[in-house]
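Here the structure comes first, spelled out in structure tokens, and everything after it is commentary.
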Amino acid sequence: MDASSQDVARALLGWYDVHARDLPWRARPGCAAPDPYRVWLSEVMLQQTTVAAVKSYFAEFVRRWPSVEALAAADEGEVMAAWAGLGYYARARNLLACAKEVAGRGGTFPADELELRALPGLGAYTAAAVAAIAFGQRAVVVDANVERVVSRLFAVAAPLPGARVAIRRHTDTITPSERAGDFAQAMMDLGATICTPRAPRCLLCPLSASCLARLHAEPEQFPVKAPKKARPQRAGKAFWIERDGAVWLVRRPGKGMLGGMRALPDDGWSARANGNGTPPLMGPWQPGGVVAHGFTHFGLDLHLAVYEGDDWSSLTASEGEWWPLDSIDDAGLPTLFAKAARLALAEAGEVG
DNA sequence: CAGACGTGGTA
DNA sequence: TTACCAAGTCT
């Protein structure tokens, strides 16, 4: 590490000592060492997810499952339901699988980055982050914040994702041996509050004197990104089947879209194709409203179809369950189907 | 390696 | 309203 790299780390840590965000999963300064369980849980929740969205989920998870052993013993359906609304549901499946692995080794997370990387749901970023934040290891932590800060600091002209190798090399250069966890969190706090995607607050930035983007061009021009592909628009149906104050819910297959989540029956829509219109039982159906929902890789117009018949005999318990409408909020429906349920209940309310 | 994989907030 | 963006991982 040359002198200027040390200057960057020193300036950033000095700024962090004053301006660190107070977040629920962070150890208070001067208090006990961070709890690896809380660090890991928060890092998984924060993957592609905002701090604001994570806070209430983190509080509820640590309340219900205060330790990795407690989480490892949890019912999978309850974990999936507790994750409902947070998105990227493979994270919840991997979370439980990881908890079981860690519980199997005595409830102790490995402190080594490579061993962490081998656990379910821990990729390059999360393994480095947990090694640094929970265990104080020097690890090169690169997330979207760090990519933005570093691409500006060094005016990296190559577009993402190809520039990742160069950005990682630059990050390695400025990462200190001491306080590696604070350094990583400081980079992320800087990216979240000062070195923002739009209108960065360079006048408040502790690194502005070293920033090549600020020197040569507009900082907003970094990071350079490859153009994005168009997002297809799809249409499909969700089926609302009500009986004696309960609605028929199914469990989606373990993998793929909304995998493992409780759901309304649907007609097979996907990112690739519209639904085929096939309902889960024969009989009279009435069209309901439409829910517009945006996924990362496609948009969906979900058309609600309401069953108006009185023969439910073809619905078997192995395929689904009757869920009481007065506790529909506890069903653990992902947001798309929670919206659809809200719409169905609102329409029923208007009629009745 | 490019695509699959959620959702809510912001401009 | 559309588009982009957020502490990525897996295949």
Are any of the residues in segment A:49-58 at pLDDT below 95, assigned to a loop (DSSP other than H, G, I, E, B) and open to solvent by 50 Å² or more (accessible area, probe 1.4 Å)?
-> yes
Failed condition for A:GLU220, given (1) among the acidic types (Asp, Glu); (2) crowded, with 19+ Cβ neighbours inside 10 Å; (3) more than 22 Å from A:TRP323 (Cα to Cα), with all others met?
-> (2)
Subset of segment A:197-210 (residues that are over 23 Å from the mean Cα position of the chain (by Cα) and assigned to a loop (DSSP other than H, G, I, E, B)) = A:ALA199, A:PRO200, A:ARG201, A:CYS205, A:PRO206, A:LEU207
Starting from residues that are within 13 Å of DNA strand C (Cβ to nearest atom) and outside any loop (DSSP other than H, G, I, E, B), keep the ones in segment A:81-95 and report whichever is surrounded by the fewest Cβ atoms within 10 Å (Cβ to Cβ).
-> A:ALA90
Residues A:LEU333, A:LEU304: which one is open to solvent by less than 40 Å² (accessible area, probe 1.4 Å) and more than 14 Å from DNA strand B (Cβ to nearest atom)?
-> A:LEU304
Out of the residues in segment A:70-80 that are surrounded by 17 or more Cβ atoms within 10 Å (Cβ to Cβ) and either assigned to a helix (DSSP H, G or I) or touching a residue at least 60 places away in the same chain (Cβ under 8 Å) (or both), state the one that is farthest from the chain's Cα centre (by Cα).
-> A:ALA72
Selection count, segment A:197-217, where residues are open to solvent by 50 Å² or more (accessible area, probe 1.4 Å) and of a type outside the set (Ser, Thr, Tyr) | 11
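Within the bounds of segment A:181-194, is there any residue that is closer than 28 Å to A:ALA134 by Cα and of a type in the set (Phe, Trp, Tyr)? Step through it out loud before you land on a result.
Step one: list which residues in segment A:181-194 are closer than 28 Å to A:ALA134 by Cα, which gives A:181-194.
Add one more test, that the residue is of a type in the set (Phe, Trp, Tyr), and what stays is A:183.
Yes: segment A:181-194 contains one or more residues that are closer than 28 Å to A:ALA134 by Cα and of a type in the set (Phe, Trp, Tyr).
The values are calculated or read from the model by the stated rules, or taken from the named source; none is laboratory data. No experiment lies behind these values; they were computed from the predicted model shown. All Cβ positions, even for glycine, are placed from backbone atoms using ideal geometry, and neighbour counts span all protein chains on display. Accessible surface areas use protein heavy atoms only, side chains included; no ligands, DNA or RNA. Shrake-Rupley method; radii C 1.70, N 1.55, O 1.52, S 1.80 Å.
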